[in-house]
Amino acid sequence: KAGVTQTPRYLIKTRGQQVTLSCSPISGHRSVSWYQQTPGQGLQFLFEYFSETQRNKGNFPGRFSGRQFSNSRSEMNVSTLELGDSALYLCASSLGARGETQYFGPGTRLLVL
Amino acid sequence: TQLLEQSPQFLSIQEGENLTVYCNSSSVFSSLQWYRQEPGEGPVLLVTVVTGGEVKKLKRLTFQFGDARKDSSLHITAAQPGDTGLYLCAGASWGGADGLTFGKGTHLIIQP
């Protein structure tokens, strides 16, 4: 079974731009969660989508948003990019029950200049 | 807000030595997961522990979940250079709200 895939793997943007990242979960998984990883803060939870609805949300500003499609694929969008948004953005999928084991993709490395 | 304190933050040891990584919290978790992450890649799941007091073994790796479900440890026996990486513990809250809470990680280097 194919794992979680994320595109693109690397991205360079400038301040003020917006960016959209994509995640395809493991086949059959209905939950997709997004995390931001930085050297200083480690891995921090952004939000979780299940059945096209946001089920949980972390403590990030409204510039960070996401959505999920009927095939469980998910996208996250960051508007008005700031230098501090430079990070590895990780997507994780699970079958869907709350608290279930999550499987991570390789991440998208975003650099904001 | 749930927090997971992971220690040590950095560890460099010689091949063949044993080591233990700790993950502690004042919060109770429904389950706890251990991941290993290579540079530039996503975390790869090693194990999930769900029962207080549970011990799981994966070859030279032994994982333990505390009786009170607030802490966990990872013990590696006879470490090998291939064990080098970032080890992360992550706790799931009851009901799964707030996603996984991650520790800051332990950077492990095994020198040949």
Quiz prompt | Set B:Glu15, B:Glu38, B:Glu54: member being touching a helix residue (DSSP H, G or I) at 6+ places or on another chain (Cβ under 7 Å) and either on the phi < 0 side of the Ramachandran plot or at pLDDT below 95 (or both) | solution = B:Glu15
Quiz item: What are the residue pairs meeting all of these: first residue in region A:70-96, first residue assigned to a strand (DSSP E or B), second residue acidic (Asp, Glu), Cβ atoms under 6 Å, and 6 or more apart or on different chains?
Solution: A:Val78/A:Asp85; A:Ser94/A:Glu100
Self-check item: Qualifying positions in region A:27-63 - within 26 Å of B:Arg36 (Cβ to Cβ), of a type in the set (S, T, N, Q) and either facing chain B (nearest Cβ under 9 Å) or touching a strand residue (DSSP E or B) at 6+ places or on another chain (Cβ under 7 Å) (or both)
Solution: A:Ser31, A:Ser33, A:Gln36, A:Gln37, A:Thr38, A:Gln41, A:Gln44, A:Asn56
Exercise. Starting from region B:80-94, keep only residues that are under 16 Å from B:Trp34 (Cβ atoms), then list their pairs with residues that are aromatic (Phe, Trp, Tyr) and modelled with pLDDT of 95 or more whose Cβ atoms are within a distance under 8 Å, requiring at least 6 positions of separation or different chains.
Key: B:Tyr87/B:Trp34; B:Tyr87/B:Tyr35; B:Leu88/B:Trp34; B:Leu88/B:Tyr35; B:Cys89/B:Trp34; B:Cys89/B:Tyr35; B:Ala90/B:Trp34; B:Ala90/B:Tyr35
Practice problem: Would you point out which residue out of A:Thr38, A:Thr14 is more than 25 Å from B:Ser31 (Cα to Cα) and of a type in the set (S, T, N, Q)? | Solution: A:Thr14
Quiz item: Counting just the residues of region B:1-53 that are within 14 Å of chain A (Cβ to nearest Cβ) and aromatic (Phe, Trp, Tyr), which one comes out surrounded by the most Cβ atoms within 10 Å (Cβ to Cβ)?
Solution: B:Phe29
Exercise. Give me a count of the residues in region B:1-54 that are under 18 Å from A:Val4 (Cβ atoms), of a type in the set (Asp, Glu) and free of Cβ contacts under 8 Å to residues at least 40 places away in the same chain.
Key: 1
Practice problem: Of the conditions (1) closer than 25 Å to B:Pro39 by Cβ; (2) within 13 Å of chain B (Cβ to nearest Cβ); (3) touching a helix residue (DSSP H, G or I) at 6+ places or on another chain (Cβ under 9 Å); (4) not hydroxyl-bearing (Ser, Thr, Tyr), A:Ala97 clears all except one; give me its number. | Solution: (1)
Quiz item: Which members of region B:80-105 meet the condition of being buried (at least 22 other Cβ atoms within 10 Å of the Cβ) and more than 11 Å from every other protein chain (Cβ to nearest Cβ)?
Solution: B:Tyr87
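The values are calculated or read from the model by the stated rules, or taken from the named source; none is laboratory data. Worth saying up front: this structure is predicted, and the values here are computed from it rather than measured. All Cβ positions, even for glycine, are placed from backbone atoms using ideal geometry, and neighbour counts span all protein chains on display.
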